[in-house]
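Worksheet: one structure, shown below.
The values are calculated or read from the model by the stated rules, or taken from the named source; none is laboratory data. On a predicted model such as this, the values are computed, not experimentally measured, just so you know. Reconstructed Cβ throughout: ideal geometry from the backbone, glycine too, with neighbour counts over all protein chains shown. Side chains are part of the model used for accessible areas, which takes the heavy atoms of the whole protein and leaves out ligands, DNA and RNA. Shrake-Rupley method; radii C 1.70, N 1.55, O 1.52, S 1.80 Å.
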Amino acid sequence: MCGIVGAVARRNVLPILMDGLQRLEYRGYDSAGVAVRGADGALKRFRALGKVQVLKAIVDRSGVEGDMGIAHTRWATHGAPAERNAHPHMSGVRVAVVHNGIIENHAELRSRLVALGYEFTSETDTEVIAHLMAHKLEGGLDLFAAVKQTAAELDGAYALAAASPEDGERIVVTRAGSPLVIGLGNGENFIASDVAALLPVTRSFLFLEEGDIAEVCRDGVTVFDAEGNQVIRPVKQSKLADASVDKGPYAHYMLKEIHEQPGVVSETLEGRIHRGRLLEDSFGHETKSLLDRTKHVQIVACGTSYHAGMVARYWLEEVGVSCSVEVASEYRYRKVVVPEGSLLITISQSGETADTLAALRGSRTKGFIGSLAVCNVPESSLVRESDVCFMTRAGIEIGVASTKAFTTQLVALRLLTIALSRRFGQTAAQEEAMVNELHSLPRQIEVVLQLSDAIRDMAADFSDKHNALFLGRGAFYPIAMEGALKLKEISYIHAEAYPAGELKHGPLALVDESMPVVCALPDDPLLEKVLSNLQEVRARGGELFLFSDQKVAIGLDRFRNMTLSDIHPGTAPIVYSIPLQLLAYHVAVIKGTDVDQPRNLAKSVTVE
């Protein structure tokens, strides 16, 4: 979603702002802009449609420098992608505003402001904020008071920053429903949507809570809570590696992140398993009590995280744990019946997904025994607002199409399955077998990654297709869904996933010589049934792209197959997701699409 960067310093902040915007490109955007206080004390604004690099070229040509400024990457919500709709938005020369989120009462506020004589030049909800602040400033308020009073009139989710040449020693920020962090420096301070934007200039951060308003000056930061009380937010040292936001030798972030999976899976397991046993205390001291009371698990997530939750349902039910999985955007608006002893598990890479957060917040009055978040960002809203958290340790994921975040989510959910299975009769020997499977998982992923060149050759036969069908059974049905999602996200090929047993209930009508069918063939009890489904595909001329266990005798004619080494059944869904990621990646590269930033998509969906 949109990205914010800002700085107040005794040096030219434009290089910091431009670098920060480029580090936020992974969030998804269609335009970018910056406003800085120039040498004459006035705000200089530059905006551009397209990539940050386009904006940077405009700024460089201008020769402008400034010691205070705010910048933004925009993903269109209100108003089409256009320079006039790009942030920052200004009201005359008095104030500039950047904003993430959605203001739901913008139409009402716009009507009021038009009646007061303000002229609008964009279709955005953000311009309403700029004019409303200007009106407060014209009434004699300073910037801090103007932001505070303006925020009180806004309905919706927002993180916003305001700068004014009349109050040029500070930036004022506030948040409600969208994340905002403050980076602390020596004689300079910064703001951003997340820590990734500021890693080159600081490792010290404080995280604004809901309703906080703060003034960010060169020599200090002052924070007030929603009630107007001055508060001290704890300063945290980020452990994120700056190198993780560079592509290194890889052509795309997505390929880099696919190849990082053995390492991040190892990191997610680190300190949590030892000598065939799960170290449950590593989850946190409050988790044991919560799991002891769990009789039912309700998983809520979106997109790729939802697919991870669907896999976890098969795992949990195998060990006797009742489980339901729902898409957060549906769950949050439904009247739900919560079984006794239900634990809410939310899953999110960013921890800022709007629908998942809303589901968590709405769950507090529904009778859950507690909430557990599986998340990749320790400073996120989801982590802070959940009772207990399981961090996936995937590191920064830049590519919009999730890869390493997905596999580490599955690892986390597998560990939680082991923990819950202890309460449902699992023996020590059964636990040891499951733990040993996880212990060998990084090496198995490394072996699969060596098939990348062969999968690229397979992709060459695939890339001219316009549609694709993915099939799977059991826990491999959600893996098929994830494979189809990856393909459609980055190659723009229409792809659908079905349980293989549903083939004759409709999808078979789509199969002909131009319809590729992708399927994983693990050596499991459902193998013969899946092979029977695939025979029906071949009988109608469908082209098969298969990924199979080395023990599997396929027994079909005319198919492309990639053989995987012997895979443990419990972790097989994790391993088989890797070649599907590689297939999608290589198809997209051959087609020439924007792999890391596919059209119309954002990395973190922080608004509805």
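In debye, nearest 20: dipole of the chain around its Cα centre with unit charges on the Cβ of K, R (+) and D, E (-)? Walk me through the numbers before you get to the answer.
Numbers: 62 positive and 76 negative charges, 33 e Å.
Roughly 160 debye, rounded to the nearest 20.
Each of Pro573, Met254, Ala161 was placed along the dipole of the chain (beta-carbon charges, centred on the mean Cα), and the one lying farthest toward the positive end is Pro573. Of the solvent-accessible surface of the range 405-448, computed with a 1.4 Å probe and all protein chains present, 54% belongs to carbon and sulfur.
Surface listing: Lys295, Lys486 arranged by accessible area from highest to lowest gives Lys295, Lys486, probe 1.4 Å.
Considering only Ala553, Ser91, Val297, and ranking their Cα positions along the charge dipole of the chain that arises from unit charges at the beta-carbon of Lys, Arg, Asp and Glu, the one farthest toward the positive end is Ala553. Put simply, when 297-310, 507-520 are sorted by average Cβ atoms within 10 angstrom per residue, most first, you get 297-310, 507-520. For the chain, the solvent-accessible area with a 1.4 angstrom probe is 37 square angstrom per residue.
With the contact rule set at Cα under 8 Å and sequence spacing of 6 or more, what percent relative contact order holds for the chain?
Values: 1338 pairs, mean separation 71.9, N = 608.
After rounding, I find 12 percent.
The angle between the Cα long axis of helix 52-62 and the main principal axis of the chain comes to about 30°, on a 0 to 90 degree scale.
The accessible area of Arg110, taken with all protein chains in place and a 1.4 Å probe, comes to roughly 60 Å². What separates the Cα centres of the range 105-156 and the range 308-350 is a distance of 41 Å. Of the labelled options (1) 99, 53, 46; (2) 103, 63, 52; (3) 79, 53, 43, which one gives Cα extents along the principal axes in Å as computed for this structure? So the structure-derived entry is (3).
Computed in the context of the full set of protein chains, the accessible area of the range 278-340 at 1.4 Å probe radius has 49% of its extent on carbon or sulfur.
Lys and Arg at +1, Asp and Glu at -1: add these up for the other residues within a Cβ distance under 10 Å of Ile213 and post the number.
Working: positive: Lys148, Arg175; negative: Asp212, Glu215, Asp225.
Combined, the nearby Lys, Arg, Asp and Glu give -1.
Against the compact-protein benchmark of 2.2 N^0.38 Å, the Cα-based radius of gyration of the range 310-461 scales to 1.17.
Ordering Ser386, Ile213, Asn100 by Cα displacement along the dipole of the chain toward the positive end leaves Ser386 in first place; charges were set at the Cβ atoms of Lys, Arg (+1) and Asp, Glu (-1).
Accessible area of the range 553-601 with a 1.4 Å probe: how many percent of it is carbon plus sulfur? All intermediate terms of the calculation are to be shown ahead of the outcome.
On the way: 900 of 1900 Å².
The C+S portion of the solvent-accessible surface of the range 553-601 is 48 percent.
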